[in-house]
Amino acid sequence: MAEQHVLAISGSLRVNSFNSWLVANAGECAPENMEIEVYKGMGSLPLYNPDLDDGRFSEVTDLRSRIGEADGLLISTPEYNYGIPGALKNLLDWASRPTNGTALRHKPVAITGVASGHFGTVRAQKQLREVLLNRNSDVVTDPMLYIFMGSERFDEEGHLHDEVTRGFLTDLLTSLERRIRINAIEYDRPEYKLK
Ligand SMILES: Cc1cc2nc3c(=O)[nH]c(=O)nc-3n(C[C@H](O)[C@H](O)[C@H](O)COP(=O)(O)O)c2cc1C
């Protein structure tokens, strides 16, 4: 069994989504000691409402426990109107609560994103990084991976054939692997453990 278990989240609900294809290909670019599980429940999450945040939704419990149990996260976001899609923000809002036990706290997270156009999700990733830093997630900032012209990176079955992008994704996941190891040294101590 791999030493590091990473949960990969695509911020798109679209069937032939570039971002979903990217996370589906991530396992092939991951270091040997990392396994990547793709989260598929984003579309089943209800809209966040604090009044309903009382354990009634199994989808929410499942999301929180999957994030909590993962050694790290990989999030690939589209850019919608210069920001992250509402569905992804909704997922992060659920994951961010309860604030004293948030599964995102100190969680190593690598972020990336694929755009159909030329700007490569620069603005969406900046926003995503801010949301995660607000939750004290341990965000990988080097390298930053902005993938533009998504249709040129994948074949029709969603295989990531672009070797340059595969190399950059490998670099990002290698950096996440290192961040997970450093994070364990920094935070795997009783004073940092969440009750
Ligand atoms: C509602 C909406 C808003 C969008 N806004 C932007 C944008 O601000 N910047 C951008 O580069 N692309 C924008 N796009 C294009 C997306 O980059 C493109 O649809 C991309 O393929 C979405 O990712 P996906 O393939 O993973 O679904 C937008 C698309 C939609 C549907």
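Points worth noting:
- Annotation: LEU91 fulfils all but one of (1) in contact (Cβ under 8 Å) with a residue 60 or more places away in the chain; (2) surrounded by fewer than 24 Cβ atoms within 10 Å (Cβ to Cβ); (3) within 16 Å of the ligand (Cβ to nearest atom); the unmet one is (2).
- In region 159-174, the residues that are surrounded by fewer than 14 Cβ atoms within 10 Å (Cβ to Cβ) and assigned to a loop (DSSP other than H, G, I, E, B): HIS159, HIS161
- Residue in region 94-104 that is closer than 21 Å to ARG14 by Cβ, within 16 Å of the ligand (Cβ to nearest atom) and among the aromatic types (Phe, Trp, Tyr) present: no
- Residue check, ARG129 surrounded by 13 or more Cβ atoms within 10 Å (Cβ to Cβ), in a helix (DSSP H, G or I) and free of Cβ contacts under 8 Å to residues at least 24 places away in the same chain: yes
- Among residues of region 90-110, those that are over 20 Å from GLY43 (Cα atoms) and of a type outside the set (Gly, Ala, Ser), counted: 9
- Hits in region 80-127 - residues which are among the aromatic types (Phe, Trp, Tyr) and either modelled with pLDDT of 95 or more or touching a Ser or Thr at 6+ places or on another chain (Cβ under 9 Å) (or both): TYR80, TYR82, TRP94
- Looking only at residues in region 110-122 that are near the ligand (Cβ under 7 Å from one of its atoms) and on the phi < 0 side of the Ramachandran plot, the one that is nearest to the chain's Cα centre (by Cα) is VAL114.
- Region 43-88: number of residues that are of a type in the set (D, E, K, R) and surrounded by 22 or more Cβ atoms within 10 Å (Cβ to Cβ): 1
Residue by residue, here is whether (1) under 15 Å from GLY113 (Cβ atoms); (2) at pLDDT 95 or above; (3) acidic (Asp, Glu); (4) within 15 Å of the ligand (Cβ to nearest atom) holds:
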residue	(1), (2), (3), (4)
MET144	yes, yes, no, no
ARG153	yes, yes, no, yes
HIS161	no, yes, no, no
THR170	no, yes, no, no
SER175	no, yes, no, no
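- A Cβ distance below 6 Å, combined with a sequence gap of six or more or placement on separate chains, defines the contacts here; from region 1-30, residues that are among the β-branched types (Val, Ile, Thr) reach residues that are near the ligand (Cβ under 9 Å from one of its atoms) in the pairs VAL23/SER10; VAL23/SER76.
- Residue within region 49-60 that is within 22 Å of GLU130 (Cα to Cα), in contact with a Phe, Trp or Tyr (Cβ under 9 Å, 6 or more places away or on another chain) and at pLDDT 95 or above present: no
- Subset of region 123-142 [within 15 Å of the chain's Cα centre (by Cα) and within 16 Å of the ligand (Cβ to nearest atom)]: ALA124, GLN125, LYS126, GLN127, LEU128
- Failed item, numbered, when GLU156 is tested on (1) in a loop (DSSP other than H, G, I, E, B); (2) under 21 Å from MET42 (Cα atoms): (2)
- Summed over region 20-50, the residues that are within 16 Å of the ligand (Cβ to nearest atom), in contact with a strand residue (DSSP E or B) (Cβ under 8 Å, 6 or more places away or on another chain) and under 24 Å from THR61 (Cα atoms) give a count of 6.
The values are calculated or read from the model by the stated rules, or taken from the named source; none is laboratory data. This one's a predicted model, so the numbers in the text were calculated from it and none came from an experiment. Don't worry about glycine lacking a Cβ; one is built from the backbone with ideal geometry, like all the others, and counts go over all protein chains shown.
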